[in-house]
Amino acid sequence: MTLLHEPDLGTPAVKSDIEVELVIDGMPTRVPAGTSVMRAAALLGTAVPKLCATDSLEAFGSCRLCLVEIDGKKGTPASCTTPCEPGMVVHTQTPKLEKMRRGVMELYISDHPLDCLTCPANGDCELQDMAGVVGLRDVRYGLEGANHLDAPTDDSNPYFSFDESKCIACSRCVRACDEVQGTFALTIEGRGFDSKISPGGTDFMSSDCVSCGACVQACPTSTLQEKTVIQIGIPTRTVETTCAYCGVGCSFKAELKGNELVRMVPLKSGGANEGHSCVKGRFAWGYASHPDRQLEPMVRESITDPWRKVSWNEAITYAATRLKDVQAKYGQQSIGGISSSRCTNEEVFVVQKMVRAAFGNNNIDTCARVCHSPTGYGLKQTFGTSAGTQNFASVAKADVILLIGANPTDAHPVFASRMKRRLRQGAKLIVVDPRRIDLVRTAHIKAEHHLQLLPGTNVAIVNALAHVAATEGLLDEEFIQTRTEEKAFRDWFEFIKKPENSPESVEAISGVPASELRAAARLFATANNSAIYYGLGVTEHSQGSTMVMGMANLAMATGNIGREGVGVNPLRGQNNVQGACDMGSFPHEFSGYRHVSDDTVRHQFEELWGTALQAEPGLRIPNMLDSAIDGEFKGIFIHGEDIAQSDPNTKHVKAALGAMECVIVQDLFLNETAAFAHVFFPGTSFLEKDGTFTNAERRINRVRPIQPPKTGKHEWEIVAELSQALGYPMQYGSSAEIMDEIATSTPTFAGVSFAHLDKVGSVQWPCNEENPVGTPTMHVDGFVRGLGQFMVTPYVATEEKSNRKFPLLLTTGRILSQYNVGAQTRRTENVNWYPEDLLEMHESDAELRGIVDGSFATLSSRVGETVMKVTITDRVPPGVVYSTFHYPTSGANVVTTDYSDWATNCPEYKVTAVELRPSIKPPQEIGMAAADLGLELVNE
Amino acid sequence: MSSSSDSLVRMINQIAANSMGAHDPVAAVVKHLHSFWTPKMCSDLKSSNLTSELNAVAAQALAAL
Amino acid sequence: MKYLTWTDEAALEVVREHAEKPGPMLLTLQALQERFGYVETSLLPSIAKELNVSRAEVHGVLTYYSDFRTTPPASRQIHLCVAEACQALGVRDVVKELAAAGYEVGERSKDGATDVVGVYCLGNCALGPAALVDGNLCGRVSAKSLVAQVTS
């Protein structure tokens, strides 16, 4: 319960098969060749004084504090930039060094405010520490000469301040921005005594800064300081936990004073993020204590009634009675549930258990339905398991990266930083995206190929890439022969060779020049390690599943599976979308992706849960909504999801919700969906949860509470009590017990327990007897299904086509500072970066319609219309428009249709035929957001 | 005619269109329906008056259920 | 020295001429200054984009070298060496006399027509005090000779 100080060894670890022996301060030691003297000393427990060095950054050698003496060498080299050599005899503490270091320190302090006692970093300042370490007792140079004491403070960033007067110009912030984040937003301005840190001649907010906080973390003084630390003070204890935003799943140290969260600092030992973070994870946690958060359960007879705050007991009894009434009236199949990818594995597991055991049907689905369900389907068909193949670190060994339908710098920023680092080292990038995402060209990154395809033509593109490999003799014959099913390969080979899959044919469909396709295919197929990374631009299509299989085909055909640096890797949207799928949230599968019709598995659960279970699949979300409109599906438990904003064709969703007789919403806020609810259970934020999240690399991370639930109940307790009230006994003493049940019942989780995770930090499933510390790379010696299976993947055009009435294609996405429907990020200072949704449009399309930059326009499709602010940009080609969906007022999903992936019904968010016309009214005046309506009712 | 039946027709036609690459497309569609559709969805579609809107493979698959 | 009037379009053309060369940053900034006499900072984001670097990196280089200007120059330029060798040969007196004549080193002259810049060594130590007048190297300069040159 104390503050965790992770050791800083000064310079990064070096990997080498060769070891060198040397002696430091009389102590013999062995380190990998290339290790700095500073790090070797630190590994021995000797901290050489330092200011500009930190082990997340390459050595810089500027502060002149880490000088050492080496026998037989002249002078006093900096230990951070001096690599260990065999036989070296190093002295880190000598009278000469002490005197020099004191002299250097004296110069630093001669131009530094002497306000340590009132400084926000008092007690957490390396300059202060080093002054103590070198024994500085006197500063002979006064402050009357030139100095920087009156330098201004830049407070423009909402989360941290930049107090130039305290800067020692060590460049750690500049290097963190370059090396760790890869944004290059900072520089040293001027030179000599005038040198100062600058975000490019402007303030932080107007600069290229993405507010990831790497500079703040790297700063050894209080120059770059979290505003919460300035306001609250230095934290006193640490709780290690996991971020609840995207699927990267960064490990954090929640640093607290009592129960008050002071700051989030990324954990260096975190497997997913290795000490890095983005603006959301590090700073955007204020929503957890936002006044909009609901902390008491509420019920109402009808959705037109005002909410009534009630006790937990009353709320749970009321909910159970209503659900039972619905089932009595309309049958056992008339209710269902939706689990949340934002919640823990344990919470998700009990929700699906409640549906299967207490509701007595398989009508359980999850929000993965609308994002990565095609990943589950496609990878299961081809490889045998519904998950990505690599860990994130694997990208550091990729030579060619094929990035399809993903925008990592916005949606998976911490992984993007890893990817950018590898690209700066020389790996080649191929981007497949209708929109020019930042990675196509950004500081020090330039994609080799940008295949700017027409939305909806992914499958044609991936087939063309494979066609080139197959017809130009670029297949990995050995891999194909030894690792894949022969017959399936032969079928695929015959299919892919067909002229319809040639780049020349596909050019006509996709708009991508054949020569560019051929060049990209050759690059991918001939590299040592080629890796595929993809996002919702792959899955959210009518052929999402086909595309996933197409990518798996390409990876197998070129032998890019089963080692580091390769693979097929989904970038998952939500923190626990992998986990929610693993936990049996799909209507046809128990945990571990085992079909409900599998008698052995089902009998195992029947025995474990003491009740009969159904052998046929239940309804998916869109089927639930359809049958609600038909009057057959009447009750739903919605766990932490806002389907009225996030799901396509809002009008249809709202009509379905409105037709139900019992809607139960469990959430932090009265969201859009809650406007249709009869029961509201207040949920817990990630800061109150005790459980696990599973990230996109199958890594099971612990989520630990920093405080008890503000609502008085853990979410799994609510579910257990509701089950109980429905007549199905469900009792757990803690969430650890739920994980134990998961481990008992799910082979891939057999070795997982809270105790094990607390010991090893995190594991990547499968984690069992064979793989006690997990499986970073999958399918190494064989596929989970044995031999890999090629699938024939013909391109079938979507039915959603542009026409004369709706001539433009709308595709959707998100931006760095906001997250999904924005329920959290809109309730933080992140709104400073993105205060409203924007629709991107090409100049030529805008001109044609008389729409000007920054004006409002009515966006219409065949299912609905809304108003959005337009920004004119050449990021999108003519004919394609792009919008975000972070604000309920703009309602981007009012226009998206109910077309979906053929195999999984994942909505086709990425292709909607639309038209735009100028509008004079901003969106707010057109219709009040349902959430606002809900709040109003509470206040009445 | 219901909202569901319309959707079901669209879904099965789409499944069939995307199963044409399989060795036995009809069998592939049947397998898909068994794996992912509720029994009621299958029977609703069968008893709906929309079966004439099914493509050939979809119609055969539905008949084979 | 005659400079072209800065326009973003013309400047970007100069940037593009150099963008594909190896190590293009200094070449580009020098070319801009040669052509226009200075580099307009509002163009930094566009220069950065063309060179595929960040705005901050361009800013860092631009501010590191004191020779780069970010405002239009006066029509005439004096770069007076104020380093040790020229000090030994009396440049301190030249500085004083220039100031008295309305030509303060480090500032624009009182008549607004000349920028007077102190520099450190022009490699002409044998003929100190040395100066560049509109880029032409002169030796054994005096305040009088310098003023005469820029007012001729």
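The values are calculated or read from the model by the stated rules, or taken from the named source; none is laboratory data. Since we're looking at a predicted model, the values are computed, not measured. Glycine gets a Cβ as well: all are built from the backbone with ideal geometry, and neighbour counts include every protein chain shown. Heads up: the accessible areas ignore ligands, DNA and RNA and are worked out on the full protein's heavy atoms, side chains in. Shrake-Rupley method; radii C 1.70, N 1.55, O 1.52, S 1.80 Å.
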- Query: Is at least one residue of the range A:405-426 assigned to a strand (DSSP E or B) and either in the same structural domain as A:Gly618 (by TED's automatic domain parsing) or within 30 Å of A:Ser211 (Cα to Cα) (or both)?
  - Reply: no
- Scan the range A:706-742 for residues that are more than 17 Å from A:Lys689 (Cβ to Cβ), part of a loop (DSSP other than H, G, I, E, B) and among the aliphatic types (A, V, I, L, M) and jot them down. A:Leu726, A:Met730
- Candidates A:Ala580, A:Ala525, filtered to the one that is more than 14 Å from chain B (Cβ to nearest Cβ), of a type in the set (A, V, I, L, M, F, W, C) and open to solvent by 10 Å² or more (accessible area, probe 1.4 Å): A:Ala525
- Task: Could you tell me whether any residue of the range B:4-25 is more than 13 Å from every other protein chain (Cβ to nearest Cβ) and buried (at least 17 other Cβ atoms within 10 Å of the Cβ)?
- Result: no
- Over the range C:43-76, the set of residues of a type in the set (S, T, N, Q) and at the interface with chain A (Cβ under 10 Å from one of its Cβ atoms) is C:Asn52, C:Ser54, C:Thr63, C:Ser66, C:Thr70
- Scope the range A:247-288; condition under 14 Å from the mean Cα position of the chain (by Cα) and of a type in the set (Ser, Thr, Tyr); matching residues: A:Ser251, A:Ser277
- Message: Looking at the range A:196-237 only, could you name the residues that are free of Cβ contacts under 8 Å to residues at least 24 places away in the same chain, open to solvent by less than 40 Å² (accessible area, probe 1.4 Å) and at positive phi?
- Response: A:Gly200
- Query: Quick one: which of A:Cys219, A:Cys173, A:Cys125, A:Cys209 is within 14 Å of chain C (Cβ to nearest Cβ) and closer than 23 Å to A:Cys63 by Cβ?
  - Reply: A:Cys173
- In the range B:36-61, what residues are assigned to a helix (DSSP H, G or I), open to solvent by less than 30 Å² (accessible area, probe 1.4 Å) and within 11 Å of chain A (Cβ to nearest Cβ)? B:Phe36, B:Met41, B:Cys42
- Message: Go through (1) open to solvent by less than 40 Å² (accessible area, probe 1.4 Å); (2) more than 27 Å from A:Arg594 (Cβ to Cβ) for A:Met739 and report which single condition fails.
- Response: (2)
- Task: Report yes if A:Gly75 is without any contact (Cβ under 8 Å) to a residue 12 or more places away in the chain, part of a loop (DSSP other than H, G, I, E, B) and of a type in the set (Gly, Ala, Ser), otherwise no.
- Result: yes
- Message: I'd like to know if the range A:754-776 contains one or more residues that are in contact with a strand residue (DSSP E or B) (Cβ under 7 Å, 6 or more places away or on another chain), at positive phi and part of a loop (DSSP other than H, G, I, E, B).
- Response: yes
- Task: Answer with yes or no whether A:Gln352 is within 14 Å of another protein chain (Cβ to nearest Cβ) and not aromatic (Phe, Trp, Tyr).
- Result: no
- Out of all the residues in the range A:628-640, which are open to solvent by less than 10 Å² (accessible area, probe 1.4 Å) and of a type outside the set (Val, Ile, Thr)? A:Ala628, A:Phe633, A:Gly635, A:Phe637, A:His639
- For residues that are within 11 Å of chain B (Cβ to nearest Cβ), touching a residue at least 12 places away in the same chain (Cβ under 8 Å) and surrounded by 24 or more Cβ atoms within 10 Å (Cβ to Cβ), tally how many sit in the range A:583-604. 2
- Per the filter on the range A:605-626, residues open to solvent by 30 Å² or more (accessible area, probe 1.4 Å) and within 14 Å of chain B (Cβ to nearest Cβ) are A:Gln614, A:Ala615, A:Glu616, A:Pro622
- Message: So for the range A:179-195 (the condition being touching a Leu at 6+ places or on another chain (Cβ under 9 Å), open to solvent by less than 50 Å² (accessible area, probe 1.4 Å), assigned to a helix (DSSP H, G or I) and outside the structural domain of A:Pro120 (by TED's automatic domain parsing)), does at least one residue qualify?
- Response: yes
- Grab the helices (runs of 4 or more DSSP H) fully contained in the range C:21-124, keeping just those with 3 or more residues being within 13 Å of the chain's Cα centre (by Cα) and surrounded by 20 or more Cβ atoms within 10 Å (Cβ to Cβ). C:24-36
